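Visitor: Have a look at this one.
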Amino acid sequence: MNVERIITQVEEILKQKEKPTQKLQLICNILQKEVSHYDWVGFYMLEPTTQTLKLGPYKGKPTTHTSIAVGKGVCGQVAQNQTTMIVQDVSKMENYIACSMEVQSEIVVPVFKNKHFVAEIDIDSHAYAPFGETDKNLLEEISRLIADLF
Ligand code: SME
């Protein structure tokens, strides 16, 4: 993957006069296009009153998991622990919510605004163990760049 090209594209999107939701959608699109092992890219937003994550913009196959309780699945655990989680083999994960049988691995990165957890970037891959430091660093950088959209 070309990290610099991705970051440049994200910065360009953030400068556009689009609504925040549209910007997030465009970011999903470019991540899924630029990185071959990113098969599903989406955002979940925290609804503080109900302590649930609500599905926001995404690129990939539609999912029925539009609402996830904090603590449930990989997404819910990241909302609880507020730290990036990489699952290289989802079949070995007990607290996991399967979206599709094709998914083998997942990375979820928290988004903070004014030091509060507000959302997360969720990426599913059909590849086994594809995620490394490059993915983590790239997505954590994007997470910092997009914080003001929430
Ligand atoms: N696998 C996630 C659920 C969301 S889907 O990947 C889109 C989880 O375990 O939280």
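Bear in mind these aren't lab numbers, they're just calculated from the coordinates by the rules spelled out. Here the structure is a predicted model, which is why all the values come from computation and not from measurement. Ideal geometry is used to build each Cβ from the backbone, glycine not excepted, and the neighbour counts take in all protein chains shown.
Visitor: Below 8 Å between Cα atoms, with a sequence gap of 6+, how large is the relative contact order for the chain in percent?
Guide: Reported as a whole number, the value is 22 percent.
Visitor: Using each residue's phi in the stretch 16-24, evaluate 6.51 cos²θ - 1.76 cosθ + 1.60 at θ = phi - 60° and report the 3J(HN,Hα) Karplus result to the nearest Hz, with x for Gly and Pro.
Guide: 5, 8, 9, 6, x, 4, 5, 4, 5
Visitor: Name the residue farthest towards the positive end of the dipole of the chain from the options SER36, GLN22, GLN82, assuming +1 on Cβ of Lys and Arg, -1 on Cβ of Asp and Glu, about the Cα centre.
Guide: Result: GLN22, furthest along the dipole toward the positive end.
Visitor: Among SER100, GLY132, GLY60, which residue has its Cα furthest toward the positive end of the charge dipole of the chain, with +1 on Lys/Arg Cβ and -1 on Asp/Glu Cβ?
Guide: Value: GLY60.
Visitor: Quickly work out the ALA147-to-ASN29 label distance, labels modelled 7 Å from Cα along the C-beta direction, and quote it in nm with one decimal.
Guide: Those two pseudo-labels are separated by 2.7 nm.
Visitor: Let me check I've understood the local charge: for ILE97, count other residues with C-beta under 13 angstrom from its C-beta, Lys and Arg +1, Asp and Glu -1. What total comes out?
Guide: Net local charge, ILE97 excluded: -3.
Visitor: While we're looking at this one, here's another question. Using a Cα distance threshold of under 15 Å, what count of lysine pairs results for the chain when pairs must be 8 or more residues apart or interchain?
Guide: Going through the chain pair by pair, I get 5.
Visitor: From the phi angles alone, apply the Karplus equation (6.51, -1.76, 1.60; θ = phi - 60°) to the stretch 119-136 and give each ³J(HN,Hα) in whole Hz, x where the residue is Gly or Pro.
Guide: 6, 8, 9, 10, 10, 9, 10, 8, 8, 8, 6, x, 8, x, 4, 4, 5, 4
Visitor: Let me spell out the model: positive unit charges on the Cβ of Lys and Arg, negative unit charges on the Cβ of Asp and Glu, origin at the Cα centre of the stretch 1-104. What dipole size does that give, in debye rounded to 20?
Guide: 300 debye
Visitor: Taking trypsin sites (Lys or Arg not before Pro) as exposed when DSSP calls them loop (any state but H, G, I, E, B) and at most 13 other Cβ atoms lie within 10 Å, what is the longest stretch of the chain free of them, the sites themselves excluded?
Guide: Formally, the longest exposed-site-free interval is 18-114.
Visitor: Counting only Cα, what are the radius of gyration and maximum Cα-Cα distance Dmax of the chain, in Å?
Guide: When restricted to the Cα atoms of the chain, Rg and Dmax are 14.1, 43 Å.
Visitor: Taking the Cβ of each residue in CYS99, CYS28 as the centre, tally the other Cβ atoms inside 10 Å and list the residues starting with the fewest.
Guide: Neighbour counts put them in this order, fewest first: CYS99, CYS28.
Visitor: Identify the GluC sites (Glu not before Pro) of the stretch 7-90 meeting these criteria: DSSP loop state and at most 16 other C-beta atoms within 10 Å of the C-beta.
Guide: Of the GluC sites (Glu not before Pro), the ones in loops of the stretch 7-90 whose Cβ has at most 16 other Cβ atoms within 10 Å are GLU18.
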